[in-house]
1. Which of the listed residues, PRO4, VAL82, GLY169, is farthest toward the dipole's positive end in the chain, when Lys, Arg count +1 and Asp, Glu count -1 at the beta-carbon?
2. Give the long-range amide H neighbours of CYS205: residues separated by 5 or more places, or on another chain, with amide H under 5 Å away, using H modelled in the peptide plane at 1.01 Å from N.
3. Which one, SER116, GLY30, ASN201, projects farthest toward the positive side of the charge dipole computed for region 9-211 from Cβ point charges (K/R +1, D/E -1)?
4. With each pseudo-label sitting 7 Å past Cα toward Cβ, what's the MET151-SER393 distance in nm, one decimal?
5. Within the set of other residues whose C-beta is less than 11 Å from the C-beta of LEU318, count the net charge using Lys and Arg as +1 and Asp and Glu as -1.
6. Which one of TYR41, CYS274, TRP133 has its Cα pushed farthest toward the positive end of the charge dipole of the chain, where Lys and Arg give +1 and Asp and Glu give -1 at the Cβ?
7. Grab the DSSP H runs of the chain that are 4 residues or longer, score each as -39,500 (n - 2.57), total them, divide by all residues and round the 222 nm result to the nearest 500 deg cm²/dmol.
8. If we sort 403-412, 218-227, 385-394, 311-320 on the protection proxy, mean other Cβ atoms within 10 Å, highest first, what's the order?
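The values are calculated or read from the model by the stated rules, or taken from the named source; none is laboratory data. Treat the numbers as computed from the prediction; the structure is a model and nothing was measured. Here the Cβ positions follow ideal geometry from the backbone for every residue, glycine too, while neighbour counts run over all protein chains shown. Accessible surface is based on the protein model in full, side chains and every heavy atom, while ligands, DNA and RNA are left aside. Shrake-Rupley method; radii C 1.70, N 1.55, O 1.52, S 1.80 Å.
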Amino acid sequence: MAPPWVQELHFPHLRIPITIDHMVPVMPSGPTPTAPGQSLYLSNLDDLVGARVFTPTVYFYASDNWRPVMKTLRDALASVLVPYYPLSGRLRETNNGKLEVFFGQDQGALMVEAHSEMSLSDLGDLKVPNPAWSPLIFRFPNEEPYKVLDMPLVIAQVTLFSCGGFSLGLRICHCIVDGLGAMQFLSSWAATAKAGTLITNPKPCWDRDFFRPRDPPLVKFPHIEFMRIEDGSSLTMSLWQTKAVQKCYRISHEFQAWLKTLAQPEDDMSNVTCSTFDAMAAHIWRSWVKALDVKPLNYELRLTFSVNARQKPKNPPLKEGFYGNVVCLACVKSTVRKLVYGRFPDTARLVREARLGISEEYLRSTVDYVEVDRPRRLEFGGKLTITQWTRFSIYDSADFGWGRPMYAGPIDLTPTPQVCVFLPEAEADPSGTMLVCICLPESATKSFTDLLSLAETGEQSAS
């Protein structure tokens, strides 16, 4: 019997007791072009309020006793922090609340060594992200949510398990790197650990001045992605006042292809086809809103997603090796009524138009908008945000010499339950399969599963 096109994945509810053995700062192992008291400019793309977070990820590796894990990773990190020296600094606010990197005494990255009496096999299916893995990612006692000021910009926890395997829990500040930049840094760190000598390919490029605002700023778009909206719908209340649960689904390549076919407009003469992302994002947004039974029907909801804009600048182009933030937040608006009762291709078209609307001018306009009216808070009103990790080579980037990780990626979405993540499958040859992780109230999970898999009314439920 063929496996289902959409498969709900389950993870065990467990407790992972760990003991922290050592905490050591990691300084660059050689000279860097900065000195205490100096600072570095961050662009307005780095300083978006949505980037003022740490991105937590975890990586699991099987038993291997022939190399000392902590020393190998620490020595390689010290080497990589020479070319990636900004990651050894700290963030501080300057005029108008803008962030910069500054350098002082006794900074550096932080590495934490811990151990657990459990074995990796006690953790259940390591291919399904589990919020119970949170102890494997270090947080300071009483650390405030979203704190980034005066924090180490790289925090790595190595947890050794009784079976000889280990996990690497990693937090990297989003203000310094976007997703592709993080993969570039991780790949260099891993290759250096594996080879025993510094490897940087490509050579890292800081150059945040590339995205200086224009003088005077020129905002050419309304930038609804930053607009504050008082949430008059039941959506946010149902997610934040009821404890949301994390659900994870394996989506086959065949289902994605079929959904893409259903999303193609019948009467569009532009010959611009809908992408797999357009179809998946539209389908998940519609299914989520339907499952949550959002009211009132005339309320306008938003879908946002990041678009990689690295190839948008043309004259001059962005330098190879740039690892800062070069993403724009695309935004789609629709009433609840149109999402619930409208045609699926129409929603997919809105997603496609928002994605294709990200241009070099939109990128520059974003920089200037933030300069004129710097957003101060994260806006969750009536919104779902989709983050696409499937384009990251996270598994291939994280071979530190112990082979590909058994799992690589985020673990817990419940602190921000209006975020949905598309993840690559852990297998070396996943055949285009992806994992979708999303949060809902327990009462809405059955309905969402049926809607997502098109089980309610068959093929017509997507149309």
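1. Positive-end residue among those listed: VAL82.
2. Those lying under 5 Å, H to H, from CYS205 are PHE322, TYR323.
3. The residue sitting farthest along the positive end of the dipole is ASN201.
4. Computed distance between label sites MET151 and SER393 equals 2.9 nm.
5. +1
6. Final value for the positive-end residue is TYR41.
7. -7000 deg cm²/dmol
8. Packing proxy ranking, top to bottom: 403-412, 385-394, 218-227, 311-320.
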